Amino acid sequence: MAASIKWVLILALLLLESGCWDSKPIQNMVYVTAIGLDYQEGNFIVHVQTLNFINVAKIENFEIGKNVPVWIGIGKGKTVSEALTSIYATSQVKVYWGHVRAIVCGEGIINNQDAFAEAYDAINRYREVRYNILLYGTREPMSKILTQKSIFNLSPLESILDTPEDSYSQRSSIPPQYGYRIIAELNELGQTALLPSLSTDDNSWTEDQKKKAMFKVDGAFMIYDHKLKGWFSEDDLKGAKWLQKRMKRSIIQIPGKGEPIAALVLKLPKQRIEPYLEKGELRFNITINVRAYVDEMVQEASIKKMEQEAEAVVRDQIKSTYLKGVSQQTDLLNLLDDLYKKKYPIWRSLHDDNQLILKEDTLNKIDVHVTLTNTGTYKGKKN
């Protein structure tokens, strides 16, 4: 009986050991953390940002300020799969795709929506790649974007490229875009999809006296009906944030022009868009309700005056962005999406007659209501 138990234990140990023969030490693999996609002269160009396991994992003795090396692999092929697998030929060790957190698209592939769709489909067929990947466009060289370091030389994973929500929660301008969301937007008939544009800013930070480039979302590529409508700067899109349901907070100066009275922080706006027909012409009314608090007082002013000035700023920003879109027939405020969802028969009839045209007076009324909830230590007059 004892002998039987002995042989069973030996057999079990052998089986356990054999199960580990194909295992690979985690430090001996290449971890892809970001992918750069472009399309040039009929070929897909792929850049992969890779980090060593030690740089990916958060370890207790990680030294803040220590330079974290970034390795870039480049592949090329007639298909995305050919471009990606060409990297295996020189990777030396196994490549692991389960840590991909962002995809950056160059202008070549953004301008070719068939190539864009093929690339995204191919990457999502990799079983290791997840669906909640961040998507960006860029007008800068891919190698510059993917080798960009974070502040204090933190891991590249601690930057706007991979963790944009922290920055967006403090300054809500252009929202982060995830792969599953943009695919849904591209397939929604009334939706204008927004692809954030990633760049580097060389003028805002220094390490001692040496300039240090940092990531910045400087605008967005707008796509409608699988066609690129153009690139718009952050200033062009300043009014769109007030209609974004994910918008958290934004600071404004009042009044919008001239000498400032105060700086206000506006938070969590509530939006209502009402599409309707007036004498056969499409019209929209927009209502915004938002709370605010005083961040800085420059001149004495009543609470009512500050609220009125803030309402004017928000209204002007929305109007400015709308008119910028009208000039290029691009629905920067996504008004047509509300028409499609709320008044589909109107959308259908106008669409069939090629009458989904934005005019200056299509946006009829913009009602903005700002409620100042906190003035800090300043006790201003009500009126």
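Could we say that Ala83 is open to solvent by 50 Å² or more (accessible area, probe 1.4 Å) and either among the hydrophobic types (A, V, I, L, M, F, W, C) or assigned to a strand (DSSP E or B) (or both) here?
Numbers: open to solvent by 50 Å² or more (accessible area, probe 1.4 Å): no; either among the hydrophobic types (A, V, I, L, M, F, W, C) or assigned to a strand (DSSP E or B) (or both): yes.
Spelling it out, it is not the case that Ala83 is open to solvent by 50 Å² or more (accessible area, probe 1.4 Å) and either among the hydrophobic types (A, V, I, L, M, F, W, C) or assigned to a strand (DSSP E or B) (or both).
Against the conditions (1) charged (D, E, K, R); (2) at pLDDT below 90; (3) open to solvent by 70 Å² or more (accessible area, probe 1.4 Å); (4) more than 20 Å from Asn153 (Cα to Cα), Glu188 satisfies every one except (3). Assessment of segment 122-141 against the conditions (closer than 29 Å to Asn52 by Cα, assigned to a helix (DSSP H, G or I), touching a residue at least 40 places away in the same chain (Cβ under 8 Å) and open to solvent by 10 Å² or more (accessible area, probe 1.4 Å)) yields at least one matching residue.
Restricting segment 189-242 to residues that are in a strand (DSSP E or B), touching a Lys or Arg at 6+ places or on another chain (Cβ under 9 Å) and among the charged types (D, E, K, R), the residue that is farthest from Gln328 (Cα to Cα) is Lys212.
Would you check which residues across segment 219-245 are in contact with a Gly (Cβ under 8 Å, 6 or more places away or on another chain) and open to solvent by less than 20 Å² (accessible area, probe 1.4 Å) and list them?
Restricting attention to segment 219-245, the residues satisfying the condition of being in contact with a Gly (Cβ under 8 Å, 6 or more places away or on another chain) are 220-222, 231-234, 236-237.
Matches in segment 219-245: Ala220, Phe221, Met222, Phe232, Leu237.
Of everything in segment 99-121 that is open to solvent by 10 Å² or more (accessible area, probe 1.4 Å) and within 13 Å of Val48 (Cα to Cα), the residue that is modelled with the highest pLDDT is Arg101.
Within segment 86-99, residues that are under 17 Å from Ile123 (Cβ atoms) and part of a loop (DSSP other than H, G, I, E, B) sit with their Cβ atoms under 8 Å from residues that are open to solvent by 20 Å² or more (accessible area, probe 1.4 Å) and of a type in the set (D, E, K, R), at 6+ positions apart or across chains, in these pairs: Trp97/Glu128; Gly98/Glu128; Gly98/Arg130.
Would you check if there is a residue in segment 317-336 being among the charged types (D, E, K, R), within 27 Å of the chain's Cα centre (by Cα), surrounded by fewer than 18 Cβ atoms within 10 Å (Cβ to Cβ) and not in a loop (DSSP other than H, G, I, E, B)? Step through it out loud before you land on a result.
Here is the first cut: in segment 317-336, the ones among the charged types (D, E, K, R) are 319, 324, 331.
Adding the requirement that they be within 27 Å of the chain's Cα centre (by Cα) leaves 319, 324, 331.
Going one step further and asking which of them are surrounded by fewer than 18 Cβ atoms within 10 Å (Cβ to Cβ), we end up with 319.
In the following step, the residues that additionally are not in a loop (DSSP other than H, G, I, E, B) were identified as 319.
The answer is yes, given that some residue of segment 317-336 is among the charged types (D, E, K, R), within 27 Å of the chain's Cα centre (by Cα), surrounded by fewer than 18 Cβ atoms within 10 Å (Cβ to Cβ) and not in a loop (DSSP other than H, G, I, E, B).
Leu339: part of a strand (DSSP E or B) and surrounded by 20 or more Cβ atoms within 10 Å (Cβ to Cβ), yes or no? Taking the combined requirement at face value, the residue does not satisfy it. A residue that is charged (D, E, K, R) and either crowded, with 18+ Cβ neighbours inside 10 Å or in a loop (DSSP other than H, G, I, E, B) (or both) cannot be found anywhere in segment 282-298.
Flag set for Pro156, criterion: within 22 Å of Asp218 (Cα to Cα), at pLDDT below 80 and either open to solvent by less than 10 Å² (accessible area, probe 1.4 Å) or of a type in the set (D, E, K, R) (or both). Condition first: open to solvent by 20 Å² or more (accessible area, probe 1.4 Å) and under 10 Å from the mean Cα position of the chain (by Cα). Now tell me which residues in segment 191-207 satisfy that. The one that is open to solvent by 20 Å² or more (accessible area, probe 1.4 Å) and under 10 Å from the mean Cα position of the chain (by Cα): Leu194.
Can you give me the number of residues within segment 246-271 that are under 11 Å from Arg291 (Cα atoms), exposed (fewer than 14 other Cβ atoms within 10 Å of the Cβ) and of a type in the set (D, E, K, R)? Counting residues in segment 246-271 that are under 11 Å from Arg291 (Cα atoms), exposed (fewer than 14 other Cβ atoms within 10 Å of the Cβ) and of a type in the set (D, E, K, R) gives 1. Of note, Leu277 does not satisfy the criterion of being in a loop (DSSP other than H, G, I, E, B), open to solvent by 70 Å² or more (accessible area, probe 1.4 Å), closer than 20 Å to Thr362 by Cβ and not basic (Lys, Arg).
The values are calculated or read from the model by the stated rules, or taken from the named source; none is laboratory data. Because the structure is predicted, anything quoted here is derived from the model rather than measured. Every residue, glycine among them, receives a Cβ derived from its backbone with ideal geometry; neighbour counts consider all protein chains shown. With ligands, DNA and RNA removed, areas are computed over all heavy atoms of the protein, side chains included. Shrake-Rupley method; radii C 1.70, N 1.55, O 1.52, S 1.80 Å.
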